[in-house]
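Undergrad: Have a look at the structure that comes next, please.
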Amino acid sequence: MTILILSVIVLSIVLLIAGYTYRTAFYAPKSKRSSIDDPLEGPQYEVFQEHISRISHIMERIPCEPVTITSFDGCKLYGRYYHVNDDAPLEILFHGYRSCAFRDCSGGHALSRKMGFNALVVDQRAHGKSSGTTICFGIKEHKDCLCWIQYANNRFGADTPIILSGLSMGAATVLMASALELPDNVACIIADSPYSAPSAIIEKVCADLHYPVALCRPFIHLGAWLFGGFRLNSCTAKESVKKATVPILLLHGEDDRLVPCSMSFEIAQCSASTAVVATFPEAGHGLSYMTDPIRYERIIYDFLNQIPAIGDKISDTFKNGYFNQNSN
């Protein structure tokens, strides 16, 4: 009887700790989701806070079409479609962990419009207006990405070139999607500040908080499996790109204190397709575009201009501005 009681106590403690790690790392009720006006925390964001807020609200005011789809496992996913030009490429943009589309995608969307592309800006599951309460760090989200591609092809036709782009967790999401059987019109992937693996970034954050990583690891994995319904190591960006068939651009700040810049190089080294890495000195997490917008745009242009399905459709206005910059 004593052994049974002790076993029940130990099991209860294990479940409590696993439940706590799940709620801390993965649980996202609608009442606690980030909004456009939530301040970004950390000294690296302070200098950019006003600018990020301004461009986020500009994006919020641009007319768009609300779009909803059903994911592979029944989640109702929400997005915003921004039309710029008929017959233009479509960029599908994915935001980061516990963030929102208006904040993380505002810079990318602004650049997309400048280049003359249409855009589909997605609320990832358990974020924004999408349903679900579990953040899966890209493990289920990369399959949602394929659902959005299928929606786009059904609506716009399978001859519309598609650019997949994302920031932070959104970057990991689109990189993980590279292992799927993507339609031929998916032209490329642009990943800003991606992590190499969900477990790697969670363990890095645990270490930053001075938690005992070896002790935390089994409870984090157990919490994801028991309460979130997914296995934390079942999919990673660095393993997924081993099956990639489209060119990949990886952008990363060299002073990224959340996701180490080395993770982008780790991903690139594993890629079966062409993978270009561009780093930005002194840029923090997701702040490369804010830190050096001219160079950032040049890198994006140089990458996309080499893709036949995309390069010929970049706005002439943007091209002229690019060449004027390079002539100075």
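Undergrad: Going by the structure shown, is ARG217 within 30 Å of LEU11 (Cα to Cα), without any contact (Cβ under 8 Å) to a residue 40 or more places away in the chain, of a type in the set (D, E, K, R) and surrounded by 14 or more Cβ atoms within 10 Å (Cβ to Cβ)?
TA: Spelling it out, ARG217 is indeed within 30 Å of LEU11 (Cα to Cα), without any contact (Cβ under 8 Å) to a residue 40 or more places away in the chain, of a type in the set (D, E, K, R) and surrounded by 14 or more Cβ atoms within 10 Å (Cβ to Cβ).
Undergrad: So is ASP38 of a type in the set (D, E, K, R), open to solvent by less than 80 Å² (accessible area, probe 1.4 Å) and over 26 Å from LEU232 (Cβ atoms) or not?
TA: yes
Table: residues versus (1) farther than 30 Å from ALA18 by Cβ; (2) at pLDDT 95 or above; (3) open to solvent by less than 70 Å² (accessible area, probe 1.4 Å); (4) of a type in the set (A, V, I, L, M).
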position	(1), (2), (3), (4)
PHE227	no, yes, no, no
PRO247	yes, yes, yes, no
LEU250	yes, yes, yes, yes
MET263	no, yes, yes, yes
GLU266	no, yes, yes, no
SER271	yes, yes, yes, no
ALA278	yes, yes, yes, yes
MET290	yes, yes, yes, yes
ILE299	yes, yes, yes, yes
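Undergrad: What is the residue count in region 41-83 for residues that are under 23 Å from VAL259 (Cβ atoms) and free of Cβ contacts under 8 Å to residues at least 24 places away in the same chain?
TA: Number satisfying all stated conditions: 6.
Undergrad: Further question on the same structure: Against the condition in contact (Cβ under 8 Å) with a residue 12 or more places away in the chain, open to solvent by 10 Å² or more (accessible area, probe 1.4 Å), within 26 Å of PRO308 (Cβ to Cβ) and out of contact with any Asp or Glu (no Cβ under 7 Å at 6 or more places or on another chain), how does ASP256 come out, does it pass?
TA: No; evaluated as a whole, the condition is false for this residue.
Undergrad: For the list (1) out of contact with any His (no Cβ under 8 Å at 6 or more places or on another chain); (2) open to solvent by 20 Å² or more (accessible area, probe 1.4 Å), I need the number of the one condition that ILE139 fails.
TA: The one condition ILE139 does not meet is (2).
Undergrad: Any idea which residue in region 83-136 is nearest to the chain's Cα centre (by Cα), counting only those that are closer than 17 Å to ILE62 by Cβ, of a type in the set (S, T, N, Q) and surrounded by fewer than 24 Cβ atoms within 10 Å (Cβ to Cβ)?
TA: Result: ASN118.
Undergrad: Output the number of the condition that CYS188 fails; it satisfies all remaining conditions of (1) in contact (Cβ under 8 Å) with a residue 60 or more places away in the chain; (2) in a loop (DSSP other than H, G, I, E, B).
TA: (2)
Undergrad: Turning to a different aspect of this structure: Checking the conditions here, which among ILE13, ILE17 is open to solvent by 40 Å² or more (accessible area, probe 1.4 Å) and without any contact (Cβ under 8 Å) to a residue 12 or more places away in the chain?
TA: Just a single option satisfies the conditions, and that option is ILE13.
Undergrad: Filter region 229-245 down to the residues that are in contact with a Leu (Cβ under 8 Å, 6 or more places away or on another chain) and of a type in the set (Val, Ile, Thr), then identify the one that is least open to solvent (accessible area, probe 1.4 Å).
TA: Among those residues, the one meeting the criterion is VAL241.
Undergrad: Oh, and also: State whether the residues of region 198-205 include one that is assigned to a loop (DSSP other than H, G, I, E, B), of a type outside the set (Gly, Ala, Ser), touching a residue at least 60 places away in the same chain (Cβ under 8 Å) and open to solvent by less than 10 Å² (accessible area, probe 1.4 Å).
TA: No: region 198-205 contains no residue that is assigned to a loop (DSSP other than H, G, I, E, B), of a type outside the set (Gly, Ala, Ser), touching a residue at least 60 places away in the same chain (Cβ under 8 Å) and open to solvent by less than 10 Å² (accessible area, probe 1.4 Å).
Undergrad: Could you check, for region 62-69, whether at least one of its residues is modelled with pLDDT of 95 or more, in contact with a His (Cβ under 8 Å, 6 or more places away or on another chain) and in a helix (DSSP H, G or I)?
TA: The answer is no, given that none of the residues of region 62-69 is modelled with pLDDT of 95 or more, in contact with a His (Cβ under 8 Å, 6 or more places away or on another chain) and in a helix (DSSP H, G or I).
Undergrad: I need every pair where a residue in region 152-171 that is touching a residue at least 12 places away in the same chain (Cβ under 8 Å) has its Cβ under 8 Å from the Cβ of a residue that is among the basic types (Lys, Arg) and open to solvent by 20 Å² or more (accessible area, probe 1.4 Å), sequence separation at least 6 or different chains.
TA: Listed by first residue and then by second, the contacts come to PRO161/LYS313.
The values are calculated or read from the model by the stated rules, or taken from the named source; none is laboratory data. The structure displayed is predicted, hence computed values, not measured ones. Glycine also receives a Cβ, built like all others from the backbone with ideal geometry; neighbour counts cover every protein chain displayed. All accessible areas refer to the heavy atoms of the entire protein, side chains included, with ligands and DNA or RNA removed. Shrake-Rupley method; radii C 1.70, N 1.55, O 1.52, S 1.80 Å.
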